[in-house]
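Step one of this worksheet: look at the structure below.
The values are calculated or read from the model by the stated rules, or taken from the named source; none is laboratory data. Source: prediction; values computed, not measured. A quick note on method: Cβ atoms are made from the backbone with ideal geometry, for glycine too, and the neighbour counts reach across all protein chains shown. The accessibility values were calculated without ligands, DNA or RNA, using every heavy atom of the protein model including side chains. Shrake-Rupley method; radii C 1.70, N 1.55, O 1.52, S 1.80 Å.
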Amino acid sequence: MRINQPYLWGDHYPTRDVVHVDSIIRNGRRVYHNHDYTEIALTTSGSGEFRSPSLKKNLKRGVLVIVPPGVDHTYTNCRQAHLLFCSVRTELIESISLSLGIKPSLWAEMGLGRPSGEPQIFVAQIDQRLLPVYTQTLSDIIAANRQRGIRAQFTRLGSFFSFLGLVLTQPRTFQSMQSHHGTMYLHALTTRALSFLRTDLTRQWSMGNLCGCLSNVH
């Protein structure tokens, strides 16, 4: 079953919010849906499955999923899946890009912001040692959700900026390309190569340099 009508921000969260976090326990199946905001889901315990038209990913402790606006998806076969859902307005990501001089394409590649082409879903396995830091950062936003005023808004934004910093340093372990040609999976070697490239975006990389970083690769 699919929901044709997308979820609008105001249907679920206070219109005054630019960032909103909920702690949710899910069981069973959910219908396909999409929405006009970016959704970040961090599994802290339990199990389940994330699905989109071109991606299936098992959910377990430490799995981070970022879903861009307009992408059909669902969380299904959940067994006491405890997830922290962070919803953020796309305009906020665009504003950050503009103020910090960051190319919007960098965010779009991670499911954040509006992509110039087909939207991509970002999935990563968080290092278990860092998971408490991710969890606490999102939990700080939950605490601020109950507060009012400009101070609470800045608290939410500050925590979200901290969370973005964590996500940007997270190695990409899996990526779904939403395309008309089906699902494309990145080979593990390709993922490692991308990680090296991201460590120094100003370097004039050559194939020789890159292969030198990737041991035993000609």
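Matching residues to (1) aromatic (Phe, Trp, Tyr); (2) over 13 Å from the mean Cα position of the chain (by Cα); (3) farther than 22 Å from ASP11 by Cα:
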site: GLY46; (1), (2), (3): no, yes, yes
site: PRO53; (1), (2), (3): no, yes, yes
site: LYS60; (1), (2), (3): no, yes, yes
site: VAL67; (1), (2), (3): no, no, no
site: THR74; (1), (2), (3): no, yes, no
site: ARG79; (1), (2), (3): no, yes, yes
site: GLU91; (1), (2), (3): no, yes, no
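With respect to ILE96, determine if the residue is outside any loop (DSSP other than H, G, I, E, B) and closer than 17 Å to HIS35 by Cβ. No.
For every residue, the table says whether it meets (1) at pLDDT 85 or above; (2) under 18 Å from PHE161 (Cα atoms).
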{"site": "GLY62", "(1), (2)": "yes, no"}
{"site": "ASP72", "(1), (2)": "yes, no"}
{"site": "LEU84", "(1), (2)": "yes, yes"}
{"site": "SER95", "(1), (2)": "no, yes"}
{"site": "LEU100", "(1), (2)": "no, yes"}
{"site": "LYS103", "(1), (2)": "no, yes"}
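What number of residues within segment 1-59 are farther than 27 Å from GLU94 by Cβ and at pLDDT below 85? Total satisfying the criteria: 6.
Do we find that ASP17 is charged (D, E, K, R) and without any contact (Cβ under 8 Å) to a residue 60 or more places away in the chain in this structure? No: the conditions fail for ASP17. When segment 1-58 is limited to residues that are assigned to a loop (DSSP other than H, G, I, E, B) and among the polar types (S, T, N, Q), the one that is most open to solvent (accessible area, probe 1.4 Å) turns out to be ASN4.
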